1. Could you give each residue of the stretch 119-132 its phi-based ³J(HN,Hα) in whole Hz, using Karplus coefficients 6.51, -1.76, 1.60 with θ = phi - 60°, and x for Gly or Pro?
2. Stretch residue 150-residue 33 to full length: gain in nm at 0.36 nm per residue minus the Cα-Cα span?
3. Whole Å is fine, so just give me how far the alpha carbon centre of the stretch 19-82 lies from that of the stretch 135-170.
4. So for 124, 19, 168, what's the accessible-area order with a 1.4 Å probe, most first?
5. When the Debye formula is applied to the Cα atoms of the stretch 11-169, each taken as the same point scatterer, what base-10 log of I(q)/I(0) results at q = 0.12, 0.13 Å⁻¹?
6. Mind listing the long-range amide H neighbours of residue 11? Cut-off is under 5 Å, sequence gap 5 or more, other chains count too, H placed in the peptide plane at 1.01 Å from N.
7. If amide hydrogens are placed 1.01 Å from N in the peptide plane, which non-local residues have theirs closer than 5 Å to the one on residue 126?
8. So what's the angle, to the nearest 10 degrees on a 0 to 90 scale, between helix 91-107 and the longest Cα principal axis of the chain?
Amino acid sequence: MPAGNCSLMRKILVSACLSGQPVRYNGTAKSVRHPALDRWRAEGRLVFVCPELSAGFSVPRSPAEIAGGCSGEAVLDGAACIVTDGGEDVTDLFIAGARKALALALDCNCAFAILTDGSPSCGSSYIYDGSFSGRVHPGAGVTTALLRRNGIEVFHHTAIDALQRRLSAA
Ligand code: SF4
């Protein structure tokens, strides 16, 4: 019997905002529709999480970016911080949210994740550079970095076809 309420089927962790939940910093969702998502949902394979809400942030909240053009990896290593547009250091809360997302993923037997790109938590191919000017650079958010360190394969929300192929090959 696995811990928690999740079955033994390998599941997929999904950013809650992709499912239409208005949990982003500005109170919006980032809904994504894809036939595979509908199928996986019907099969009970999807596990939704918002790391930032899990950590105690509210909606709406101040936008935050990883400072200095760094990545989630550097944040986990203690070499970078995450700040709001008002200059508040929110690094500890973001790490707490990443740990909660990882705990849920492990509890629910998630081997894969589909996360919202660009986020300082959920980004996986690009993130904002900390200047709050709209500039992005290649890199991952802190939740993505922690999931990957623990063997969970993370796909960004425009790479659902790639996850389908990965599951077919598994
Ligand atoms: S932390 Fe992730 S799930 Fe939550 S709003 Fe941001 S991108 Fe969406």
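1. Going residue by residue, I get 6, x, 9, 9, x, 9, 10, 8, 9, 7, 8, x, 9, 6 Hz, with x marking Gly and Pro.
2. On the way: separation 117, 0.36 × 117 = 42.12 nm, distance 2.78 nm.
Contour length minus the Cα-Cα distance gives 39.3 nm.
3. The stretch 19-82 and the stretch 135-170 have Cα centres spaced 13 Å from each other.
4. Numbers: 124 15, 19 40, 168 100 Å².
Reading off the accessible areas and sorting them downward yields 168, 19, 124.
5. The Debye formula, applied to the Cα set alone, gives -0.45, -0.54.
6. 110, 111, 112
7. The answer is 118, 139.
8. 10
The values are calculated or read from the model by the stated rules, or taken from the named source; none is laboratory data. What you are looking at is a predicted structure, and each value in this text was computed from that prediction instead of being measured. These area figures cover heavy atoms from the full protein model, side chains too; ligands, DNA and RNA do not enter into them. Shrake-Rupley method; radii C 1.70, N 1.55, O 1.52, S 1.80 Å.
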